[in-house]
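To start, the structure itself, in structure tokens.
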Amino acid sequence: MTTSTAINGPSAAVPQRSPLLRASLGFFLLAVCLLLVADIEITTRDPWLELGRLALGIVTPDFFAVEDLAQALFNTIAFAIVGVVLGSSFGFVLALSFHHRAVRVFCAVIRAVHELFWGLIFLQVFGLTPLTAVLAIAIPYAGIFAKVFSEILEESDPAPLKSLPSGTGTISAFLYARLPDALSHFKTYTLYRLECALRSSAVLGFVGLPTIGFHLESAFAQGGYSEAAALLILFYVIIATIRVWARRQLVPFYILVSLIFLPWGGSISMSHVATFFTHDIVPYPLRVAETFDATTLSALWAWMTDLFAGQALPGIVSTVVLTQIALVGTGMLTLLFFPLISPKFFGTVGRNIGHVALVVIRSTPEYILTLILLLLWGPSMLPAIVALALHNGAIIGHLIGRHTETMGLRPDHAKGLNLYFYEVTPRIYPQFLAFLFYRWEVIMRETAILGILGITTLGFYIDSAFADLRFDRALFLIAITALLNLGIDALSRRIRARLRLKSRLDAV
Amino acid sequence: MIREMFKKFLLSAVVLLGTAVAAHAETFVFTAIPDEDETRLKTRFEKVATYLSDKLGVEVKYIPVKSYAAAVTAFRNDQVQLAWFGGLSGVRARKLVPGSQAIAQGEEDKAFETFFIAHNSTGLKPAASLPKEIAGKTFTFGSKGSTSGRLMPEYFIRQAFQDAPEKVFSRVGFSGDHSRTIALVQSGAFEVGAVNFKVWENEMKAGKIDPAKVSVIWKTPAYPDYNWSIRGDADKRFGAGFTEKVKTALLEMKDPDLLSSFPRASFIPASNSDYQPILDVGQKIGLLDE
């Protein structure tokens, strides 16, 4: 249990504030200020009307309305499994050489681009093929796996290594002393990633790949809520039973089945792949220039500055505004959610209800939550803020709630609100902040993609560039998004170091 | 054991890719831009595939796509050889595939229109020109890549106000498709919207529009729109005269049930040059590079 002396025990009017509290207040005040300037209007005339229809749809799911339902479910699962197998394999190899700076930077870059953006890129290269979906998942996941695997290896118990006789080869030492301890962590983390991959796979349907997201989008767009409810219910069942069907021994079988039954139809032309990389993504002024001279250079400069001032900058501003508000919202909801599943506050029945609620909220991809709230409230930042806070709050709330299970209390401990405010919350607070700062960069990545739904974050401009088939612009804006993510990641690391927050990443 | 498995794995991958490529060469694939109600796309267009298959004597398949850009990309990457495009997406696609041509259009596409629609609470009345009072209202286009839902309305807005839509309106959205535009304006989520006139008429007939809530305030001048475009290498792949056969099959499509998928009264011949006005407008407002 991490403790911080500054916030432990009753603070009898001590004027000195802890750095944790100062940081929290700083972030909170910033979010409040941003909330004042952010666009959070509810624009629909009757927000409750749509909610009524949605509720009706949820209680009357229609499992027969969706065309090709079985294929869509199969694709969703198969893309996720193949994506995770590839991602974890490459991630493992990269983790072994993670001490090289180049590898670390490479991994940071590939994971700074959201899988939906990877999907949009590969759609142009490989078209609507399973390869597009699998790579969109595998590439960013490889970057994440590499980082987490290397952290696990670093933290693995050094005792077995010390007991080896001198002269043991590096490979033997790795296989017999380091790997066994890390392996169980690898397995747990990979299983968690599979759950994430199922969500990614579903969401890839929103940009056209044949997963359940494809049908969910159509259903929501046409107000077919019974159809949407059926799809969501099936999705929850797949996620809830993941421990039953995701077994290591079955992986080769799953891969084989995926290879056979995925719709691989449609050839991939290498010349198109080449055209994409050597022509399409080259900035327009360079592409049409006959010679590379001062005129070309100034045209290129104008192209870049126009794009930056007209699209990237407003995109960055909304992305940051939305991220900061959503981060604080996530924190507040986490503090509200964690007691729901904590034995310190609720009995078995209450906790089970809490568990179900949190599982449903966190299993619903934030992209889909935002879409639903956009239908209810109309276009503004509000749906995105609430969706991001709910989804991420449920994830961290779950972790913190589990964390309180093992927390020891004095026999004469306080009860109810007193217990919550004066004991449990202060004790979990460092852990809570650590999780929240880890999640910061994830929230920003998600904020960017929500632009595809029409909120003017960076994703909005990226989606527009893809819609206009201007891949040079799309790539430029994706690169800027990635840089922004890397910046937040570095900032978060510094703040965590400054506040001396430490926690295992594999839980997030 | 593992090596065995890996061998099998590779073998099946090669065999699968091989058969996929082989099968692909014999199948004629088409798609259509997702411009309205996207549910049951397959049911609707598979009937068209069956019709074409009978007429052409080759296997015809339809694949659904999620966006206008995806339809263009599929055409460019040869995943489809024929597509039902909008005016703008057709121009884009044909620019990317040398030799490709527009072979047919709907009878209505010679002179297509966009309807500007408004929620009745705005008090906007039908007018002969774009009402100046729409300035400052909230406004939604259709899809970002749509001709009737984006390109032409943006052009007319820029003409009337000499400014970008984001400057004219208090909020600009992209609904995604024409059905959705109508739904959003009808619900009041947006005050004004621009919609494909065929979809409006169709939904009006189907009773999906409540005239007490939403009505047409302006009809644009006519412009050319949707078209069937085919890749330039179709004859080489499917035999001499294949393009002509496809064109005939489309022009001879008389079954109202099939035509309602588009929805068009019938198809008439078209050519690339019919769409020069769209290309010009696209370049003028900066949606197409020169």
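The values are calculated or read from the model by the stated rules, or taken from the named source; none is laboratory data. Remember, it's a predicted structure, so these values are computed and weren't measured experimentally. Please note: Cβ atoms are built from the backbone with ideal geometry, for glycine as well, and neighbour counts cover all protein chains shown.
Go over the candidates B:129, B:229 one by one and state the one that is surrounded by 24 or more Cβ atoms within 10 Å (Cβ to Cβ), touching a residue at least 24 places away in the same chain (Cβ under 8 Å) and not β-branched (Val, Ile, Thr).
B:229
Collect the residues in the range A:385-444 that are among the charged types (D, E, K, R), farther than 30 Å from residue A:483 by Cβ and part of a helix (DSSP H, G or I), keeping them in residue-number order.
The answer is A:402, A:405, A:423, A:427.
Can you name every one of the helices (runs of 4 or more DSSP H) wholly within the range B:149-198 that holds 3 or more residues which are within 16 Å of residue B:210 (Cβ to Cβ)?
B:178-187
Do we find that residue B:258 is within 14 Å of another protein chain (Cβ to nearest Cβ) and modelled with pLDDT under 95 in this structure?
Answer is no for this residue.
Would you confirm, using the coordinates I've provided, whether residue A:386 is modelled with pLDDT under 95 and either surrounded by 19 or more Cβ atoms within 10 Å (Cβ to Cβ) or in the same structural domain as residue A:455 (by TED's automatic domain parsing) (or both)?
no
Taking the condition of a type in the set (Gly, Ala, Ser), within 30 Å of residue A:80 (Cβ to Cβ) and free of Cβ contacts under 8 Å to residues at least 12 places away in the same chain, does residue A:274 pass?
Yes, satisfied.
Every residue, every condition in (1) within 30 Å of residue A:448 (Cα to Cα); (2) away from chain B (no Cβ under 14 Å), yes or no:
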| site | (1), (2) |
| --- | --- |
| A:79 | yes, yes |
| A:95 | yes, yes |
| A:100 | yes, yes |
| A:105 | yes, yes |
| A:121 | yes, no |
| A:159 | no, yes |
| A:167 | no, yes |
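State yes or no: is residue A:489 in a helix (DSSP H, G or I) and under 23 Å from residue A:206 (Cα atoms)?
In short, no.
For the range B:51-68, enumerate the residues that are in a helix (DSSP H, G or I) and more than 15 Å from the chain's Cα centre (by Cα).
B:51, B:52, B:53, B:54, B:55, B:56
With B:148, B:121, B:170, B:129 as the choices, which residue is of a type in the set (Ser, Thr, Tyr) and under 17 Å from the mean Cα position of the chain (by Cα)?
The unique qualifying residue is B:148.
Return only the number of the condition from (1) modelled with pLDDT of 95 or more; (2) more than 30 Å from residue A:375 (Cα to Cα); (3) not acidic (Asp, Glu) that residue B:219 does not satisfy.
Checking residue B:219 against (1) modelled with pLDDT of 95 or more; (2) more than 30 Å from residue A:375 (Cα to Cα); (3) not acidic (Asp, Glu), the one that fails is (2).
Can you name every residue in the range B:236-273 that is among the charged types (D, E, K, R) and surrounded by 18 or more Cβ atoms within 10 Å (Cβ to Cβ)?
B:245, B:247, B:264
Looking at the range A:65-76, I want the residues that are within 12 Å of chain B (Cβ to nearest Cβ) and have a partner that is of a type in the set (Lys, Arg) with Cβ atoms under 6 Å, at least 6 apart or on another chain. Which pairs are those?
Once the first residue is within 12 Å of chain B (Cβ to nearest Cβ) and sits in the range A:65-76, its partners that are of a type in the set (Lys, Arg) give A:67/B:42.
Within the range A:360-384, which residues are more than 14 Å from every other protein chain (Cβ to nearest Cβ) and assigned to a loop (DSSP other than H, G, I, E, B)?
A:364, A:365 - these are the residues of the range A:360-384 that are more than 14 Å from every other protein chain (Cβ to nearest Cβ) and assigned to a loop (DSSP other than H, G, I, E, B).
Checking the conditions here, which among A:225, A:192, A:176 is aromatic (Phe, Trp, Tyr), at negative phi, touching a residue at least 24 places away in the same chain (Cβ under 8 Å) and away from chain B (no Cβ under 14 Å)?
Criteria check complete, one pass: A:192.
Is it the case, given these coordinates, that residue A:127 is crowded, with 17+ Cβ neighbours inside 10 Å and at pLDDT 95 or above?
no
Pull up the range B:174-229, narrow it to residues that are among the aromatic types (Phe, Trp, Tyr), more than 11 Å from chain A (Cβ to nearest Cβ) and over 17 Å from residue B:38 (Cα atoms), then point me to the one that is nearest to the chain's Cα centre (by Cα).
B:226
Mind checking whether some residue in the range B:198-219 is in contact with a Gly (Cβ under 9 Å, 6 or more places away or on another chain) and polar (S, T, N, Q)?
no
Residue check, residue B:96 against (1) more than 9 Å from every other protein chain (Cβ to nearest Cβ); (2) closer than 16 Å to residue B:272 by Cα, all met but one. Which one?
For residue B:96, the exception is condition (1).
Restricting to the range A:461-476, and then to whatever is facing another protein chain (nearest Cβ under 9 Å) and in a helix (DSSP H, G or I), can you tell me which residue is nearest to residue A:203 (Cα to Cα)?
Across the range A:461-476, the extreme among qualifying residues is A:463.
Identify all residues within the range A:228-256 that are among the small types (Gly, Ala, Ser) and within 12 Å of chain B (Cβ to nearest Cβ); write none if there are none.
The answer is A:228, and nothing else.
Could you look through the range B:132-148, keep only residues that are away from every other protein chain (no Cβ under 12 Å) and buried (at least 19 other Cβ atoms within 10 Å of the Cβ), and pick out the one that is nearest to residue A:38 (Cα to Cα)?
B:134
Somewhere in the range A:223-246, is a residue under 23 Å from residue A:356 (Cα atoms) and touching a Phe, Trp or Tyr at 6+ places or on another chain (Cβ under 6 Å)?
Yes; the residues of the range A:223-246 include at least one that is under 23 Å from residue A:356 (Cα atoms) and touching a Phe, Trp or Tyr at 6+ places or on another chain (Cβ under 6 Å).
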